[in-house]
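The structure appears below as structure tokens.
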Amino acid sequence: MANNLSAKNIFILGITSDIGISLAMQYNNDGHRVFGTYRNKDGGKKLIAETGWDLFHCDIAEKKSIEKSIQLYTQLSTPWDIFISAVGTTEPLGKFFSCDFDSWDQSVRINCTDQLRVLHYLYPHRRKESVSHVAFFAGGGTNNAFPNFSAYCASKIMLIKMSELLDDENDDLNVFIVGPGWVRTKIHDQVLNCPEGAGESYQKVKKFLDSGDQGTSRESIYGCINWCVEQGKEVAGGRNFSVVHDPWREGGKGLITQLRENPDKFKLRRSGNVEP
């Protein structure tokens, strides 16, 4: 998919995730410089040896690990242009009151607040002479209940609202969040390994994986993020985009017009609200 961005520095949190590594490879192939964090030390070291990228070990569930990875990055004195968070977990699976609360709490941190902690630490090290870009990933439950995935779902809803808040508070940031839809990644293994906890979603995931359907392509995810970067804060800032369903492809002229005319579109709002 065409990339019209000038050369930028890309920081990917969770670069060894399936989506993270795909984005990193595409950015690298298009002439951008890639940085990132990895949790699995063996996988991270292997990727460094293969690519020569500046990567840093980081377990975002550990504050000290975050601090150390950011310290190593800042020693490079290279400001970031685009921050992409590609970490996440669906665990623990099950109804809220059947989940161990400490595990539930840790999931919320991994899926949301720890990602925000990393961004908080990285913010001073952005490229200050221009608007920098922040991309998060949304998940299920935006338009309906997502039973048995409450920690994951609630975290994503918070990220949707934080994208709007951060974008509104900071003139120098274009913050947005994208829902990738069904993507073939190893996160689905968590569902397959816990059929009782996953409930109805177990059969849905199994059907998808058994179908041979490739789901959302990595190229489409890459293209949607870059479209949001290219359109900038006026169009993309603070909004939740669907890679699959929103008409951003081929320039997205009609969508751009709609977004400029409606400041509430693709944001978290109360359905059926009556204006005074």
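The values are calculated or read from the model by the stated rules, or taken from the named source; none is laboratory data. Because the structure is predicted, anything quoted here is derived from the model rather than measured. We place every Cβ from the backbone using ideal geometry, glycine too, and count neighbours over all the protein chains shown.
Quick rundown of the values:
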| quantity | calculated |
| --- | --- |
| Lys186, sole failed condition from (1) over 17 Å from Ala24 (Cβ atoms); (2) touching a helix residue (DSSP H, G or I) at 6+ places or on another chain (Cβ under 8 Å); (3) basic (Lys, Arg) | (1) |
| Selection from region 235-276 of residues that are within 20 Å of the chain's Cα centre (by Cα), without any contact (Cβ under 8 Å) to a residue 40 or more places away in the chain and assigned to a helix (DSSP H, G or I) | Val235, Arg249 |
| In region 38-70, residue nearest to Asn9 (Cα to Cα) [restricted to those that are surrounded by fewer than 20 Cβ atoms within 10 Å (Cβ to Cβ) and of a type in the set (Ser, Thr, Tyr)] | Thr51 |
| First in region 151-165 and over 10 Å from Phe136 (Cα atoms) and in a helix (DSSP H, G or I), second anywhere and among the hydroxyl-bearing types (Ser, Thr, Tyr) and at pLDDT below 95, Cβ under 9 Å, 6 or more apart | Cys153/Thr142; Ile157/Thr142 |
| So Ser242, is it surrounded by fewer than 20 Cβ atoms within 10 Å (Cβ to Cβ), touching a strand residue (DSSP E or B) at 6+ places or on another chain (Cβ under 8 Å) and of a type in the set (Ser, Thr, Tyr) | yes |
| Test result for Glu230, farther than 26 Å from Ser155 by Cα and either within 21 Å of the chain's Cα centre (by Cα) or surrounded by 20 or more Cβ atoms within 10 Å (Cβ to Cβ) (or both) | yes |
| Sole residue being of a type in the set (Phe, Trp, Tyr), surrounded by 15 or more Cβ atoms within 10 Å (Cβ to Cβ) and over 30 Å from Ser98 (Cα atoms), chosen from Phe208, Phe176 | Phe176 |
| Per-region count, region 245-267, residues under 21 Å from Met158 (Cβ atoms) and buried (at least 16 other Cβ atoms within 10 Å of the Cβ) | 1 |
| Test: residue in region 185-196 that is farther than 30 Å from Lys128 by Cα, assigned to a helix (DSSP H, G or I), over 19 Å from the mean Cα position of the chain (by Cα) and of a type in the set (A, V, I, L, M) | yes |
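Every residue, every condition in (1) more than 19 Å from Asp264 (Cα to Cα); (2) among the charged types (D, E, K, R), yes or no:
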| position | (1), (2) |
| --- | --- |
| Phe137 | yes, no |
| Met158 | no, no |
| Lys161 | no, yes |
| Asp168 | no, yes |
| Val183 | yes, no |
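Quick grid of which residues meet (1) in contact with a Leu (Cβ under 6 Å, 6 or more places away or on another chain); (2) buried (at least 16 other Cβ atoms within 10 Å of the Cβ); (3) not in a helix (DSSP H, G or I):
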| site | (1), (2), (3) |
| --- | --- |
| Trp104 | no, yes, no |
| Ile110 | no, yes, no |
| Val118 | yes, yes, no |
| Phe136 | yes, yes, yes |
